[in-house]
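Visitor: Before we start, here is the structure in question, set down as structure tokens.
The values are calculated or read from the model by the stated rules, or taken from the named source; none is laboratory data. None of the values given here were measured: they were computed from a predicted structure. Virtual Cβ from ideal backbone geometry, glycine too; neighbours counted across all protein chains shown.
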Amino acid sequence: MKILLMGNPNVGKSVIFSRLTGVHVIASNYPGTTVEYTKGTLKFEDKKVELIDVPGTYTLEPACEAEKVATEMVKEGDLIINVVDSTNLERNLYLTLQILALKKPTVVVLNMWDDAKHRGIKIDLEKLGKLLGVPVIPTVAVTGEGIKNLYTRLKDAKVPPHPTYSKDERWLHIGEIIDKVQVVTHHHHTLIEKFEDASIAPFFGILLFLVVLATSFQIIRFIGEGLIGYAFDPFFEGIYAPLIMKLSAVLGHGGFFHDIFVGKLINGSIDFGQSFGLVTTGFYVPVVMVLPYVFSFYLILGVLEDVGYLPRLAVLMDNIMHRLGLHGAAIIPMILGLGCNVPGALSTRILESKREKFIAATLMAIAIPCMAQTAMIIGLVGSYGGRYLAIVFGTLFIVWFSLGFILNKVLKGESPEIFLEIPHYRIPNIGALAKKLWMRLVGFLLEAIPFVLLGVLLVNILYTIGFIEMISKITAPIVTVLWGLPESAISALMVGFLRKDVAVGMLRPLNLTAGQAVVGSAVLAVYFPCVATFAVLIRELGIKDTFKSALIMMGTALIIGTVLNIIL
Amino acid sequence: MISLADMKVNQIGTVIRVDGGAGLAKRLEAMGIREGKNITKLNCMMMRGPIIVKINGCQVALGRGMAKKIMVEVGT
């Protein structure tokens, strides 16, 4: 048996899903957080049944891919939990009537019940239940209010006895329902609501955006640097390093196993940046150099998501994004990509056309470095001075913009216009924020550590068998002549296919000049996506388009590497 | 009768009809923008950027091209 959670975007389906199944999924305050269905299990009438969190949709006649997923899923459901935003009953009922017309057992959940009260909206639950012919249950999913009631009343789900309405009758019927069950009393604009309007006003909105951007950036750096400098690094150097030195002694300070696990000793001791063993650099890179930045980035992103700022950013960016053949909503994959390119690529599903998806995914994969990579670039290039960091990120921005501009001119087709619901601002729930941050950190570690270790292991083995030397000879004309990098940089470029953060880390022991560090970082960012992102791109764009996208990346890397090498 | 794009900020109007394909009408309708509804223009971004409207107490951003196809009667 399958139970489906369905409803308009951004009504809280994912929160209810987490509450009912205990499976945690990312939930945020913007339409389109869930682009793929998530499955969990739940006990229902003494049996284990499947609960599916379906991406939000306004209608069962879909317009974008995330909505298509919803309409496809519907066929498989045996019971539907229709989640409705209580503050916007009228519009939500449009989908509700479509769902009821499917003649499947249904329960309607009026979520954000507290919000409706605050806004002076009164809904007669009993009457609504009678008119719809199915149970109606109020909930406040974020706090868990009403979830137990929902759970116990699932067994009362009913196939509505009413006739199905034609399209024209639907609104008429909704109008009748609203007249009978809903009373809206006037309420004064709260401070938050005034701020809502101001944050998308043409001038104040842009000013606010700049403030948000600068503040976020400063906080991310402050927390990231602080955690590394005062917590993670001292711990590794003071407590972990002596332990590894003992291990090194046990392994005899050298030999094959020593070199794979501990790596090379630099002047008789461990250098976490350069030793390059599994338990030295292999742990140090993801845990000490990257994790603190990933933590601080997702902390800030979580707040911005849950407050509801991202859709407003989409509106402000709409104009710029149109020059790239996209519309404002495409800023969301870009922002998510700054954390990790994988969710970034997945979220291109909120875009309507294939062309848009291609442009957005390509631009994201080519010019948006993930936080892991960014942290490593800051570590490497930052040591030569902020000026060089600015060159790396400036280059990536220029690539992002000019490539988008070119793709928009070259690719046939038009770019659709933005059409996006702007949710109310909400004060984030601390528990929900913490849970989301935790999930993302665990997700990062589970994904990063195996790949980082694999990368380190592979490099060690390939070195030993002389494979890297061979590749270095073949690629020397590009790497050394065009890009001006030392031949030894090729191993970093090879690891970059697996994990970009380790790859940047591998440039550190090479004693590069500032210019070489800039070229190396920029090329590593651009030349190819990491394997995890590549797999998602194939799934989202298809093999042919991913191939095209990859060609663009390699070509761009060739050009910018050469240009930067000449300039610097 | 004027288009939503030509409305002034903070003006309230009633949607009369949607000029354009059935696809557009359907999408607008699902979002609550349909004949007979009151619609308030809240903001419009400079340089032909998107327009933000309030419908059913809920804010929606839409492109100018779409807004041009939504015809409204503005109360006097």
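Visitor: Could you look through the stretch A:325-338, keep only residues that are of a type outside the set (V, I, T) and surrounded by fewer than 24 Cβ atoms within 10 Å (Cβ to Cβ), and pick out the one that is nearest to the other protein chains (Cβ to nearest Cβ)?
Guide: Going through the qualifying residues, I end up with A:M334.
Visitor: If I ask for residues that are away from chain A (no Cβ under 11 Å) and either exposed (fewer than 13 other Cβ atoms within 10 Å of the Cβ) or without any contact (Cβ under 8 Å) to a residue 60 or more places away in the chain (or both), which ones from the stretch B:8-17 would you list?
Guide: Correct list: B:K8, B:V15, B:I16, B:R17.
Visitor: Sticking with this structure for a sec: Being part of a strand (DSSP E or B), more than 9 Å from chain A (Cβ to nearest Cβ) and over 26 Å from A:G56 (Cβ atoms) is the filter here; which residues of the stretch B:41-76 pass it?
Guide: If the condition is that a residue be part of a strand (DSSP E or B), more than 9 Å from chain A (Cβ to nearest Cβ) and over 26 Å from A:G56 (Cβ atoms), then B:M71, B:V72, B:E73, B:V74 are the ones that fit.
Visitor: Check whether at least one residue in the stretch A:73-85 is assigned to a helix (DSSP H, G or I) and surrounded by fewer than 23 Cβ atoms within 10 Å (Cβ to Cβ), and report yes or no.
Guide: So far as the stretch A:73-85 goes, yes, one or more of its residues are assigned to a helix (DSSP H, G or I) and surrounded by fewer than 23 Cβ atoms within 10 Å (Cβ to Cβ).
Visitor: Let me confirm something: among A:T33, A:T57, which residue is more than 14 Å from chain B (Cβ to nearest Cβ) and in a loop (DSSP other than H, G, I, E, B)?
Guide: A:T33
Visitor: Filtering the stretch A:71-113 down to residues that are under 24 Å from B:L28 (Cβ atoms) and among the small types (G, A, S), which residue is farthest from the other protein chains (Cβ to nearest Cβ)?
Guide: Taking the candidates together, the pick is A:A101.
Visitor: Would a scan of the stretch B:18-40 turn up a residue that is more than 8 Å from chain A (Cβ to nearest Cβ), outside any loop (DSSP other than H, G, I, E, B) and charged (D, E, K, R)?
Guide: Among the residues of the stretch B:18-40, not one is more than 8 Å from chain A (Cβ to nearest Cβ), outside any loop (DSSP other than H, G, I, E, B) and charged (D, E, K, R), which makes the answer no.
Visitor: Of the residues A:V11, A:V15, only one is part of a loop (DSSP other than H, G, I, E, B), buried (at least 20 other Cβ atoms within 10 Å of the Cβ), of a type outside the set (S, T, Y) and not assigned by TED's automatic domain parsing to the domain that holds A:P423; which?
Guide: When all the criteria are applied, what remains is A:V11.
Visitor: Let me ask something additional. Run down A:P161, A:P234 and say which single residue is assigned to a helix (DSSP H, G or I), more than 30 Å from A:V25 (Cβ to Cβ) and more than 14 Å from chain B (Cβ to nearest Cβ).
Guide: Within the list A:P161, A:P234, the selection yields A:P234.
Visitor: If you take the residues in the stretch A:379-403 that are farther than 14 Å from A:G520 by Cβ and not small (G, A, S), which one is surrounded by the fewest Cβ atoms within 10 Å (Cβ to Cβ)?
Guide: A:R387
Visitor: Please pick out the residue among A:L191, A:L208 that is loosely packed, with under 11 Cβ neighbours inside 10 Å and free of Cβ contacts under 8 Å to residues at least 40 places away in the same chain.
Guide: A:L191
Visitor: Give me a count of the residues in the stretch A:545-554 that are over 24 Å from the mean Cα position of the chain (by Cα) and over 13 Å from A:L524 (Cα atoms).
Guide: Counting residues in the stretch A:545-554 that are over 24 Å from the mean Cα position of the chain (by Cα) and over 13 Å from A:L524 (Cα atoms) gives 1.
Visitor: Residues in the stretch A:264-278: is at least one part of a helix (DSSP H, G or I) and in contact (Cβ under 8 Å) with a residue 60 or more places away in the chain?
Guide: no
Visitor: Inspect the stretch A:194-212 for any residue being away from chain B (no Cβ under 14 Å), out of contact with any Ser or Thr (no Cβ under 9 Å at 6 or more places or on another chain), over 30 Å from A:K435 (Cβ atoms) and of a type outside the set (F, W, Y) and give the result as yes or no.
Guide: Yes, that holds for at least one residue.
Visitor: Ok, one more. I'm trying to understand the selection: among the residues of the stretch A:48-75, which are over 28 Å from A:A314 (Cβ atoms) and either assigned by TED's automatic domain parsing to the domain that holds A:H327 or modelled with pLDDT under 90 (or both)?
Guide: Matches in the stretch A:48-75: A:K75 only.
Visitor: Take the residues in the stretch A:291-316 that are in contact with a Pro (Cβ under 7 Å, 6 or more places away or on another chain) and farther than 17 Å from A:A432 by Cβ; name whichever of them is nearest to the other protein chains (Cβ to nearest Cβ).
Guide: In this case the residue turns out to be A:V315.
Visitor: Still on this structure: Could you tell me whether any residue of the stretch A:281-293 is in contact with a helix residue (DSSP H, G or I) (Cβ under 6 Å, 6 or more places away or on another chain), over 30 Å from A:I260 (Cα atoms) and part of a helix (DSSP H, G or I)?
Guide: No, the stretch A:281-293 contains no residue that is in contact with a helix residue (DSSP H, G or I) (Cβ under 6 Å, 6 or more places away or on another chain), over 30 Å from A:I260 (Cα atoms) and part of a helix (DSSP H, G or I).
Visitor: Could you identify the single residue in A:H258, A:H253 that is on the phi > 0 side of the Ramachandran plot and surrounded by 12 or more Cβ atoms within 10 Å (Cβ to Cβ)?
Guide: A:H253
Visitor: From A:S491, A:S521, grab the single residue that is in contact (Cβ under 8 Å) with a residue 40 or more places away in the chain, assigned by TED's automatic domain parsing to the domain that holds A:Q373 and polar (S, T, N, Q).
Guide: On inspection, the qualifying residue turns out to be A:S521.
Visitor: Which of the numbered conditions does A:D179 fail, given that it passes all the others? Conditions: (1) more than 29 Å from A:D501 (Cβ to Cβ); (2) not in a helix (DSSP H, G or I).
Guide: Unmet condition: (2).
Visitor: Next question, about the same structure. Quick check on the stretch A:166-188: of everything there that is under 38 Å from the mean Cα position of the chain (by Cα) and without any contact (Cβ under 8 Å) to a residue 60 or more places away in the chain, which residue is surrounded by the fewest Cβ atoms within 10 Å (Cβ to Cβ)?
Guide: Filtering first and then ranking leaves A:H188.
Visitor: Any idea how many residues of the stretch A:394-442 are under 30 Å from A:M112 (Cβ atoms), touching a helix residue (DSSP H, G or I) at 6+ places or on another chain (Cβ under 9 Å) and free of Cβ contacts under 8 Å to residues at least 60 places away in the same chain?
Guide: The total comes to 2.
Visitor: Further question: May I ask you to verify whether A:K148 is at pLDDT 95 or above, farther than 27 Å from A:K43 by Cα, not small (G, A, S) and not in a loop (DSSP other than H, G, I, E, B)?
Guide: Taking the combined requirement at face value, the residue does not satisfy it.
Visitor: While we're looking at this one, here's another question. Take the stretch A:195-222 and flag every residue that is among the aromatic types (F, W, Y) and within 25 Å of A:L338 (Cα to Cα).
Guide: Answer for the stretch A:195-222, where residues must be among the aromatic types (F, W, Y) and within 25 Å of A:L338 (Cα to Cα): A:F209, A:F217, A:F222.
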